[in-house]
Every structure is written in C-alpha cells, then in structure tokens.
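The values are calculated or read from the model by the stated rules, or taken from the named source; none is laboratory data. Here the structure is a predicted model, which is why all the values come from computation and not from measurement. Here the Cβ is made from the backbone with ideal geometry for all residues, glycine too, and neighbour counts use every protein chain on show.
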Amino acid sequence: MTRRLLLLLSLACAVGVGAIYFAQAITPLIAAGLGTSKGAAASVVTATQIGYTVGIFLLVPLGDRLPNRQLLVTLLALTGLELFAAGAAPTLPVLVAVSFTIGVTTVAAQVISPMAAGLVAADRRGAVLGTLLSGSTGGMLLARTFSGTLGEWLGWRAPYLVTGALTLLLAAVLTRALPAVTAAAPPGRDPYRALLAAPLRLLRTEPELRRSGLYQATVFAGFSAVWTCLPLLLTGPAYGLGASAVGLVALVGAATMLCTPFAGRAVDRRGADPVNLASLLGTLAATAVLVAGGGGGAVGLVVLVAGTLLLDVAMQSGMVANKTRVYDLGDESRSRLNTAYMTFGYLGGSVGSWLGLRAHALAGWPGVCALAALLAGLALARHLTRHLRRRLRPERGGGSRHEAAGAPDPERALLLSDATPDR
C-alpha cells in the first residue's frame, strides 16, 4: 500500500460515493429537462439509494471470493457505462431504472475498504481506513456542489457524462495500479447463497460486530435525523434562507476530510474503544450546540454550522473505529463482515430519518436534537456498561466465551474460514 495507491483508492471512494449523492442537487434541472415535476424527479435519488442498499447486500460479499482487482474494476466500468446511459436517458422512467442500476454497482468504496485493510499491517489499518473514509466523505459532500455548478452551466446531463468518463478512467488506471495480490482469487469455494447468508450468521455469532453495528446505527440515525430536518430549519421562519444554504452548510462539513485520518491514527495507537467513547461524547456535545443554533440570526447560523461540523467529525471518527474493530475479526471474511456492518448502519440511518421527521412535527428542531441525543446516549450507555462489566469480571474479557477461556470458538472459526456450510 503505497501513498500513491492510497490516494488513488481514496479518489475511487470519492467518485463511487459521489455517484449516489450528486443527483440531489440537479433534481430541479432534471424536472425541467424531462418535463416533469420536482417531486417525480426526486425518485431518481430514491432509486439510486435503494440500489446502493441492494448492491451492498448482493455484491460486496463477493469480495471474499472473487479477485478484488477484477471485482473492483468491473464494478467501476459498469458504473461508468450506466452513468453514460443515465446522461442519455430520454424519459424519467428510463432515468429512474438506470439510476437503480447505478446504485447497485457503485459500491466501490465498500469493496475497497476491506481490500485495503488486507494490504496493510494491523497497526496501520486505522490510518488507512481513515484516509479512505476522507475520500468517501469528500465525495458525499462535494458531489452536490460539483453537479449543481456543472448542471447550471451545461444542463443536467453533463454531471452524469463527466462522472461516467472519470469513473471509466479510474477503472483503467486501477487495472494497472493495483498490486498483483489483489488479482488472485481468495481461497475457498463457498456457494453464492452461503455468502449472502454469512452476514446474518456473523451478526449472530460475533458480539464485537453487533456492538460496532449498534454504535454505527444509533449515531448514524441521529446524524440522518439532523440532516433530514436541517433544510426545514434553514428554510423555515427562524432563518428564512433558500435551499442553496443547505448545500453551503454541507460544504463546511468537508473539513471532516481532514479529521478522519487523525482518528484512524488514534485507533492505531490507542485502540478502537477510546475513539468510540470520544465519538459518542462528541455526538452528545454536538446535539447541545445544535439546539443553541436553532434560534435564528447570524450568531445562530454560526453556532448551527459549528454543531453540524462537530456532529460530522464525531460520526465519521466513530465509523473509523468501528470498521477497524470489525475488520480485525477475520482476515478472510472482511467483505461479509463489512456487509453486515454497513447494512446495520444504513438501516439505522433510514429509521433515523423517519424518526427525525416525526420528532420535528411534534417538537420542532429541539425535538430532533433531543432524538439525536437519546440515540447517542443509548450507545454510550452500552459502551460504558460493557467496560464496567469487564472491570468487575475481567476474566471474561472481550469477544466470545470461547476466546475468553483461551480456546477458539468453533462456530466462529467455521464462519470466518473458507469452509462450506456442509463441511
């Protein structure tokens, strides 16, 4: 894992994640260009997100059985071609259908992170994952600005075509840049149905996976609740701003890109748990700041931006810690572990958005912040309770009861090995 390769993989993460989000900024342009309503055009974004969830579940586990270079390059190439098809879509139904397929194949970031974790020593894993997450964060936050600006100049099709060309170029470069070890097929011959079932079994048998998933689901749920309701606050009577203000606030969050590598190095030096604790405490502090930013005015807007930035940093730092802990559970099952972890997190985010809208309807912006604080508090209580139990009963330690006794867990060994269920 050279610095050049790490930067290249970070760029691939940015492009892959950006392909999910950039349509949000050009929905009005799509509506005008295809002669439909803005509400109907928003189905393009929904279709992409649904496809992304499907891709995580169906394609990411293949990283444990297919050559990583071949899988990654194929996914990027398909995404590039699909982006070209979207840019040439004659009608909205065609665009929605193609957007779903874009979501399915644009899971490059979820293939890259387990692959990269296997290319570095354990004491560098946190730093590498933090850098890759910086790329994903940059893609998520900057994609809206990129597509909105380019779309205003050249029309809604231009962002699709430019991103498609960049994705195909990345696929070609990675074909030569990825090391030879990523072109070798991982050992084992588990059938595809076993790969799909493995994440659920791992959730059942791996307490550290469940714990990491719980932390991510609760914090990401609060994060999603805040960002779902933030446009309602900014465009409401407290501020009376336009929709573009939401994009500017999100752009400030790009500073998170500079923080996640530091979080990764902290995980390498101190372990995942201290970073998780800081992340949860930071999330609680962010909700307090966000409440204070709900009053309107210039000062309120500055406070609100500071709160969103703190929330972004806390959530992303926690994700670095969680992923590092999850990838340490098994060298040959990282893609399946990542599938289980990310599915857990995205389900939390979906539920958080739904709960956030209802909290806003009942109690306004303070209700949304209280919801985010409650969710983070649940994770913090779980975290502190675990450490208290370990202090009172140190002989149990972490992991499974088999590991605590010094013996391997046979069920865990089977799930994390390349053996088929029949064996």
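How many of the residues making up the stretch 136-178 are farther than 15 Å from Phe22 by Cα and surrounded by 23 or more Cβ atoms within 10 Å (Cβ to Cβ)?
1
Write out, first by first residue and then by second, each pair whose Cβ atoms fall under 6 Å of each other, whose residues are 6+ apart or on separate chains, and whose first residue, in the stretch 268-292, is surrounded by 16 or more Cβ atoms within 10 Å (Cβ to Cβ) while the second is charged (D, E, K, R).
Close Cβ pairs (under 6 Å, with a partner that is charged (D, E, K, R)) amount to Asp268/Asp123; Ala272/Arg325.
May I ask you to list the residues in the stretch 300-318 that are over 17 Å from Ser134 (Cβ atoms) and of a type in the set (S, T, N, Q)?
Passing the criteria: only Thr308.
Out of all the residues in the stretch 337-367, which are modelled with pLDDT of 85 or more and of a type in the set (Phe, Trp, Tyr)?
Passing the criteria: Tyr341, Trp365.
I'd like the residue in the stretch 77-119 that is part of a loop (DSSP other than H, G, I, E, B), touching a helix residue (DSSP H, G or I) at 6+ places or on another chain (Cβ under 7 Å) and at pLDDT 80 or above and, out of all such residues, is farthest from Thr256 (Cα to Cα). Lay out the reasoning, then the answer.
Initial filter on the stretch 77-119 (part of a loop (DSSP other than H, G, I, E, B)): 88-91, 106-107, 118-119.
Checking which are touching a helix residue (DSSP H, G or I) at 6+ places or on another chain (Cβ under 7 Å) leaves us with 89, 91, 106-107, 118.
Okay, now just the ones that are also at pLDDT 80 or above, so 89, 91, 106-107.
On the way: Ala89: 35, Thr91: 37, Thr106: 22, Val107: 21 Å.
Looking at the filtered set, the residue picked out is Thr91.
Surrounded by fewer than 21 Cβ atoms within 10 Å (Cβ to Cβ), assigned to a helix (DSSP H, G or I) and among the basic types (Lys, Arg): does that describe Arg69?
Details: surrounded by fewer than 21 Cβ atoms within 10 Å (Cβ to Cβ): yes; assigned to a helix (DSSP H, G or I): yes; among the basic types (Lys, Arg): yes.
So Arg69 passes the test.
Quick check: is even one residue across the stretch 373-389 in contact with a Gly (Cβ under 7 Å, 6 or more places away or on another chain) and either over 18 Å from Ser224 (Cα atoms) or at pLDDT 90 or above (or both)?
To start, the set of residues in the stretch 373-389 that are in contact with a Gly (Cβ under 7 Å, 6 or more places away or on another chain) comprises 375-376.
Restricting the remaining residues to those that are either over 18 Å from Ser224 (Cα atoms) or at pLDDT 90 or above (or both) gives 375-376.
The answer is yes; a qualifying residue exists.
Can you list the helices (runs of 4 or more DSSP H) lying wholly within the stretch 204-276 that have 3 or more residues being within 15 Å of the chain's Cα centre (by Cα) and at pLDDT 85 or above?
207-234
Using the structure shown, decide if Val249 is in contact (Cβ under 8 Å) with a residue 40 or more places away in the chain, crowded, with 21+ Cβ neighbours inside 10 Å, within 18 Å of Met315 (Cα to Cα) and among the β-branched types (Val, Ile, Thr).
On the way: in contact (Cβ under 8 Å) with a residue 40 or more places away in the chain: yes; crowded, with 21+ Cβ neighbours inside 10 Å: no; within 18 Å of Met315 (Cα to Cα): yes; among the β-branched types (Val, Ile, Thr): yes.
Spelling it out, it is not the case that Val249 is in contact (Cβ under 8 Å) with a residue 40 or more places away in the chain, crowded, with 21+ Cβ neighbours inside 10 Å, within 18 Å of Met315 (Cα to Cα) and among the β-branched types (Val, Ile, Thr).
For the stretch 195-202, indicate whether the set of residues that are buried (at least 17 other Cβ atoms within 10 Å of the Cβ), under 23 Å from Gly63 (Cβ atoms) and touching a Gly at 6+ places or on another chain (Cβ under 6 Å) is non-empty.
no
What's the total number of residues in the stretch 120-132 that are more than 17 Å from the chain's Cα centre (by Cα) and either of a type in the set (Val, Ile, Thr) or not in a helix (DSSP H, G or I) (or both)?
2
Of these, Val54, Val94, Val60, which one is under 30 Å from Leu119 (Cβ atoms), surrounded by fewer than 19 Cβ atoms within 10 Å (Cβ to Cβ) and assigned by TED's automatic domain parsing to the domain that holds Gly16? Full working, then the answer.
Details: Val94 fails: under 30 Å from Leu119 (Cβ atoms); Val60 fails: surrounded by fewer than 19 Cβ atoms within 10 Å (Cβ to Cβ).
Only one candidate qualifies: Val54.
Which residue out of Leu166, Leu133 is under 27 Å from Ala255 (Cα atoms), modelled with pLDDT under 80 and aliphatic (A, V, I, L, M)? Show your work before the answer.
Numbers: Leu166 fails: modelled with pLDDT under 80.
Within the list Leu166, Leu133, the selection yields Leu133.
Listed residues Ala23, Ala40; which is outside any loop (DSSP other than H, G, I, E, B), surrounded by 23 or more Cβ atoms within 10 Å (Cβ to Cβ) and at pLDDT below 85?
After applying the criteria, what remains is Ala23.
Quick test of your reading of the structure: Thr46 fulfils all but one of (1) free of Cβ contacts under 8 Å to residues at least 12 places away in the same chain; (2) crowded, with 24+ Cβ neighbours inside 10 Å. Name the failing condition by number.
(2) is the only condition that Thr46 fails.
Identify the residue in the stretch 278-313 that is modelled with pLDDT under 90 and in contact with a Pro (Cβ under 9 Å, 6 or more places away or on another chain) and, among all such residues, is farthest from Ala263 (Cα to Cα).
Only one residue fits best here, namely Gly296.
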